[in-house]
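Below is one structure, written out as structure tokens; the observations come after it.
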Amino acid sequence: MAADLASFPSDGYAVLRRVFDPAPLAAEVDAALTRGFIHSGHRNTGDADNSFRYVPMMNERTPVSLALLRRFEPLAARALGGPVLPVRAKGTEYHSASSWHRDSDLPVASAGFVCYLDRLTGDTGALRVAAGSHRHDDPPEG
């Protein structure tokens with residue numbers, strides 16, 4: 001997996017394929033979303049013009065998520081070149097597309113890991129990342 005991180009410093013992202021089994025995580029996310037929103041139709045609207053709902057996944061009821069957080073911590077440390085502090089794991093269900101955006105505007109080095117549970121293509125909602133966009137003041141033109 002170290003070779004898969006080679007593009008991170010220049011591009012700001014790396015694609016790590018087949019690094020986890022999606023089935024146990026999908027079951028855990030489904031259960032957490034059901035518990036968290038059992039009687040709620042609430043949806044959040046994000047800065048990226050998208051609609052979604054999410055639940056935190058960092059407790060004894062989400063062992064698969066906690067294990068992934070621990071598993072990815074050394075990868076984040078390698079990508080960022082030093083110790084890291086894992087700060088959150090969450091299960092998110094999106095209901096619309098997102099516009100171009102940055103996940104953080106803070107002047108702190110960070111890395112995020114997204115674990116997709118469904119196979120995605122350009123037609124079904126694949127994530128698009130502009131190489132080097134983390135180095136600019138404005139998101140790239142879409």
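The values are calculated or read from the model by the stated rules, or taken from the named source; none is laboratory data. For clarity, every value in this text was computed on a predicted model and none was experimentally measured. Counting neighbours? That spans all protein chains shown, and the Cβs are built from the backbone with ideal geometry, glycine included. Ligands, DNA and RNA are excluded from the accessible area calculation, which covers all protein heavy atoms including side chains. Shrake-Rupley method; radii C 1.70, N 1.55, O 1.52, S 1.80 Å.
The residue list PRO86, THR121, SER110 was ranked by how far each Cα lies along the charge dipole of region 67-121 toward its positive end, using unit charges on Cβ atoms, and PRO86 comes out on top.
Between the beta carbons of ALA130 and ASN59, assuming R0 = 35 Å, the FRET efficiency works out to 0.50 to the nearest 0.05. Once all protein chains are placed together, THR62 keeps about 0 Å² accessible to a 1.4 angstrom probe.
Need one number: the % of Cα-Cα pairs in region 53-113 sitting beyond the 14 Å mark. When all Cα pairs of region 53-113 are counted, 64 percent exceed 14 Å.
Rounded to whole numbers, the Karplus 3J(HN,Hα) couplings from phi for region 54-62 are 8, 9, x, 10, 9, 8, 5, 8, 10 Hz, using 6.51 cos²θ - 1.76 cosθ + 1.60 with θ = phi - 60°, and x at Gly and Pro. When all protein chains stay in place and ligands, DNA and RNA are ignored, the 1.4 Å accessible-area order of ASP4, ASP123, ASP105, largest first, is ASP123, ASP105, ASP4.
Inter-label distance, THR34 to SER110: 3.1 nm, where each label sits 7 Å from its Cα along the C-beta direction.
In the full protein context, region 72-123 carries 77 Å² of accessible surface per residue, based on a 1.4 Å probe and ignoring ligands, DNA and RNA.
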